[in-house]
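> My questions will all concern the structure given below.
Every number here is computed from the coordinates shown, using simple stated rules; none is lab data. What you see is a predicted model, and the numbers here were worked out from it, not measured in a lab. In this analysis, Cβ positions are derived from the backbone assuming ideal geometry, glycine residues included, and neighbour counts consider all displayed protein chains.
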Amino acid sequence: MPVTPLAHAPKTPAPASPYTPVGDEIEVFELAYKRNLPVLLKGPTGCGKTRFVEHMAARLGRPLYTVSCHDDLSAADLVGRHLINASGTYWMDGPLAQAVRHGGICYLDEVVEARKDTTVVLHALTDDRRILPIDRTGEVLSAPAEFMLVVSYNPGYQHLLKGLKPSTRQRFVSLSFDFHGAGKEAEIVAAESGVDRETAKRLVTLARALRNTAQHDLDEAPGTRLIVNAGKLMAGGCAPDLACRVAVAECLSDDPDIVAALMKVVHAVFGA
């Protein structure tokens, strides 16, 4: 069956997102891009992995195709599938195939959440072949130099049966991410939320206190994103305790007792 040209035109690279480096990740990413190496990002939720990829795609002037991986993600969701319209059957590329065709960056967020059989399609793209076979059309796409594959996951939040196989992990250059130091994180929170520096410091103090106890009571530690959201509510006139409840505590747990315990920390930082 002949393949119909893509229904989607190449994406226009977005303006660079603000990003504050933690270490030498920008330099390593650029070198990996130049040498046609795929990159694996590891780090807790909300520490800036996605922001980093958006920043680098804009910095390199490449379109970005982002996929949020989940249990039901199939190989067809990545590669593409045949569809039917009034004119008949046609082929629609998935985001991975689009990135290969157009020389973009394909970012698979939380890749360990995808089904095991889905990640197999990445193998031929992450070795010296750099090809994407499309079995349903008989095509074999060769990745241009501009194509890059980036995947991410949170090592601290994995189910026992979910993790990258060693044979997959060893295909990537790996970058570890973590939260910024307190001073730098406060600068980011103030700049992105609009709160004053003192309030930003208190929000960071809250986040760091909750991160220190997260392993005992929470599935995940609060990321910078959560306290930025709380700061935005405060900058709009919301009371600190309410802002922290709806943007932080309620987002971290559905257990009323745990939420109440988190709010005690909020009150200790901001006052009752």
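> When the distances between all Cα atoms of the chain are binned every 10 Å from zero, what whole-number percent does each bin get?
Per 10 Å bin, starting at 0, the Cα pair percentages come out as 6, 26, 29, 21, 13, 4, 0.
> Less than 9 Å Cβ to Cβ from V67, Lys/Arg counted +1 and Asp/Glu -1: what total charge do the surrounding residues give?
With Lys, Arg at +1 and Asp, Glu at -1, the net is -2.
> Shifting gears a bit: What nm value, rounded to one decimal, do you get for the distance between K34 and H82 when each label is placed 7 Å out toward the C-beta?
4.5
> Using θ = phi - 60° and the Karplus relation 6.51 cos²θ - 1.76 cosθ + 1.60, list the HN-Hα couplings for segment 36-44 in order, rounded to whole Hz, with x at every Gly or Pro.
With the stated coefficients, segment 36-44 comes to 6, 10, x, 10, 10, 9, 10, x, x Hz.
> With 10 angstrom as the radius, rank L96, L242 by how many other C-beta atoms surround their C-beta, starting from the fewest.
Listing L96, L242 from fewest to most nearby Cβ atoms yields L242, L96.
> Putting +1 on Lys and Arg Cβ atoms and -1 on Asp and Glu Cβ atoms, find which of I26, L132, P144 reaches farthest to the positive end of the dipole of the chain.
P144
> So, one more: Roughly what % antiparallel, to the nearest 5, for the DSSP beta bridges in the chain?
So the antiparallel bridges amount to about 35 percent of the total.
> Also: Could you compute how fast segment 182-270 diffuses translationally, taking Rh as the Kirkwood radius over C-alpha pairs and applying Stokes-Einstein at 37 °C with viscosity 0.692 mPa s? Give it in µm² per second.
Taking Rh from Cα pairs, D becomes 261 µm²/s.
> May I ask you to derive the relative contact order of segment 25-176, considering only C-alpha pairs under 8 Å and at least 6 residues apart, and to give it as an integer percent?
Normalised by residue count, the contact order of segment 25-176 is 34 percent.
> Can I ask one more? How compact is segment 25-176 by the rule of thumb for globular proteins, expressed as Cα Rg over 2.2 N^0.38 Å?
Here the Cα radius of gyration is 1.03 times the empirical estimate.
> Follow-up question, since we're still on this one. Would you kindly state how much longer the chain becomes between A235 and D178 on full extension, computed as 0.36 nm times their sequence separation minus their alpha carbon distance, in nm to one decimal?
Extra length from A235 to D178 when fully extended: 17.9 nm.
> Related question: Springs between alpha-carbon atoms under 10 Å, Gaussian network over the chain: tell me which of G194, G231, G48 tops the mean-square fluctuations.
Of G194, G231, G48, the Gaussian network model singles out G194 as fluctuating most.
> Related question: Sequence-distant or interchain residues sharing an amide H contact under 5 Å with T66, placed H: which?
So T66 has HN proximity to Y107.
> Does anyone have the angle between helix 182-193 and the longest principal axis of the chain? Alpha-carbon axes, 0 to 90°, nearest 10?
Rounded to the nearest ten degrees, it is 80.
> A further question follows. Around A145, with a cut-off of 15 angstrom between Cβ atoms, what is the net charge of the other residues, counting Lys and Arg +1 and Asp and Glu -1?
Result for the neighbourhood of A145: +3.
> Tell me which residues come under 5 Å, amide H to amide H, from I134 once H is placed; ignore anything under 5 positions away on its chain.
HN-HN under 5 Å from I134: E139, V140, L141.
> In what sequence do C244, C251 fall when counting other Cβ within 10 Å, fewest first?
C251, C244
> Work through the residues other than V173 whose Cβ is under 14 Å from its Cβ and net out their charges, Lys, Arg +1 and Asp, Glu -1.
0
> So which of K184/K232; K34/K232; K49/K264; K42/K116 end up more than 26 Å apart by C-alpha?
From the list (K184/K232; K34/K232; K49/K264; K42/K116), the Cα-Cα distance tops 26 Å for K34/K232; K49/K264.
> Can you pull the one-decimal nm distance between simple spin-label points at R197 and A261, each 7 Å off the Cα toward Cβ?
Label-label distance for R197 and A261, simple model: 3.6 nm.
> Under 8 Å for C-alpha pairs, at least 6 residues apart: give me the relative contact order for the chain, rounded to a whole percent.
Relative contact order, the chain: 20 percent.
> Against the globular-protein guess of 2.2 N^0.38 Å, express the Cα radius of gyration of segment 45-130 as a ratio, rounded to two decimals.
The value comes to 1.20.
> What list do you get for D128, D77 if you sort them by fewest beta carbons within 10 Å?
Least to most surrounded, the residues fall as D128, D77.
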